[in-house]
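The values are calculated or read from the model by the stated rules, or taken from the named source; none is laboratory data. Just so it is clear, the structure is predicted and the values come from calculations on it, not from any experiment. Cβ: placed from backbone, ideal geometry, glycine included. Neighbour counts: every protein chain shown. We work out accessible area using only protein heavy atoms, side chains counted, and drop any ligands, DNA or RNA first. Shrake-Rupley method; radii C 1.70, N 1.55, O 1.52, S 1.80 Å.
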Amino acid sequence: MTSIKRRRTPTVSINSIKMGSDYPIVVQSMTNTLTADKKATIQQIIELHKAGSELVRITVNDSDAMQAVPDIRKALDIAGISVPLIGDFHYNGHILLDKYPEGAKALAKYRINPGNVGRGEKRDQNFETMINCAIKYNKPVRIGINGGSLDEALLSEMMDENAKLVDPLSFKEVFIDAMVTSAISNAKRAEDLGLSKENIIVSVKLSDVQDMIAAYQQLAEKSDYVLHLGLTEAGGGTKGITASSAALAVLLQQGIGDTLRISLTLIFGIRKLH
């Protein structure tokens, strides 16, 4: 059997877990509990880890959730569960990371979506705050671009430029280009702020299988960042499993992708998958 040649990337370390071209694909999952409900969250993290999840992502959406993180980490350590925890931040991540250093330190990785950290100058300032926290605590960051929250200003600018072409691209083609442009530009901005390439993971998630494949193929061609694969809003049950499997299989067969997480609407689907 011919082995698949992976694209060359830096190595990203998330505590003891390493990802990149020299290492096996890392499987992730995510809790669906209120993170502030520490007992339920701890129990689900343990279940996911025992089922094979090498990284577990938790929602960190408010002060209660952020303040629960150190206690969750401590309880897992006492139970002998060393699985790294990823903090999923939206809208107020810059406030939470800056205000609650113990929570920031207890998380092994931060997930940032540049499309919902603010607008204009505020967006740049908030993004910088989060990257600076990652630098301060030496944490890797996933810069996650989602089709549903793509930077409208960037897309508008690229659509205007496209309209001037003699042979303009379709809206879908420009949209995918904008996803990739946003991913690379935000990753490079994080580097410019001082975050090392070995602490950067990038994703470009879309809900359409073919669009998602095209976006990752273009991103892989234009950059050498470690890539997180996933089909966003995949749906539930058989539909979600089939769509996600189809999209990821194509990319993995091409040597694209270093870590993956399946997003299914129905919880029984998630548990069956993992």
Note the count of lysine pairs whose C-alpha atoms are less than 15 angstrom apart in region 1-125, limited to pairs 8 or more residues apart or on different chains.
-> 4
Which ³J(HN,Hα) values in Hz, rounded to whole numbers, follow from the phi angles of region 125-132 under the Karplus curve 6.51 cos²θ - 1.76 cosθ + 1.60, where θ = phi - 60° and Gly and Pro get x?
-> 5, 5, 4, 4, 4, 5, 5, 5
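Please express the shape of region 27-172 as an equivalent ellipsoid: the semi-axes are the square roots of 5 times the eigenvalues of the C-alpha gyration tensor, given largest first in whole angstrom.
That gives 34, 18, 12 Å for the three semi-axes.
Give me the number: length gained by fully extending Thr11 to Lys172, i.e. 0.36 nm times residue separation minus the C-alpha to C-alpha distance, one decimal in nm. Don't jump to the answer; show the numbers that get you there.
Details: separation 161, 0.36 × 161 = 57.96 nm, distance 3.24 nm.
Here the answer is 54.7 nm.
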Karplus (6.51, -1.76, 1.60) ³J(HN,Hα), θ = phi - 60°, over region 47-63, in Hz, Gly and Pro reported as x | 4, 5, 5, 5, 7, x, 6, 7, 9, 10, 9, 10, 6, 10, 10, 7, 4
Tell me, what % of the accessible area of region 71-123 is carbon and sulfur with a 1.4 angstrom probe?
-> 52
For the chain, the percent of all C-alpha pairs falling in each 5 Å bin, from 0 up to the bin holding the max distance, is 1, 6, 13, 17, 19, 18, 14, 8, 3, 1, 1, 0, 0
With labels modelled as points extended 7 Å from the Cα through the Cβ direction, what inter-label distance (nm, one decimal) is found for Lys136 paired with Asp22?
-> 3.2
Sorted by chain and number, the residues with a modelled amide H under 5 Å from that of Val226, at a separation of 5 or more or across chains, are Val202
Once both axes come from the Cα atoms, what is the angle between helix 171-193 and the longest principal axis of the chain, in degrees from 0 to 90, rounded to 10?
-> 50
Sort out for me the Cα centre separation of region 128-201 from region 1-40, rounded to whole Å.
-> 21
Additional length obtainable on full extension of the chain from Asp77 to Leu154, 0.36 nm per residue less Cα span = 23.4 nm
What shape does region 123-265 have by the C-alpha gyration tensor, where a ≥ b ≥ c are the square roots of the eigenvalues, rounded means a/c under 1.5, and otherwise prolate means a/b greater than b/c and oblate the rest?
-> oblate
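What is the Cα radius of gyration of region 1-78 over 2.2 N^0.38 Å, N being its residue count?
Working: Rg = 15.5 Å, N = 78, 2.2 N^0.38 = 11.5 Å.
Its radius of gyration relative to the 2.2 N^0.38 Å reference: 1.34.
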Along Cα→Cβ, 7 Å out, is where each label goes; now give me the distance between the ones at Glu221 and Asn32 in nm to one decimal.
-> 3.7
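On full extension of the chain, what length is gained from Lys39 through Ser245, given 0.36 nm per residue of separation minus the C-alpha to C-alpha distance?
Numbers: separation 206, 0.36 × 206 = 74.16 nm, distance 3.21 nm.
Length difference between fully extended and current span is 71.0 nm.
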3J(HN,Hα) from dihedral phi, region 194-205, Karplus parametrisation 6.51/-1.76/1.60, rounded to Hz, x for glycine, proline = x, 7, 6, 4, 6, 10, 10, 10, 10, 9, 9, 8
Solvent-accessible area per residue for region 19-118 at a 1.4 Å probe radius, Å²?
-> 41
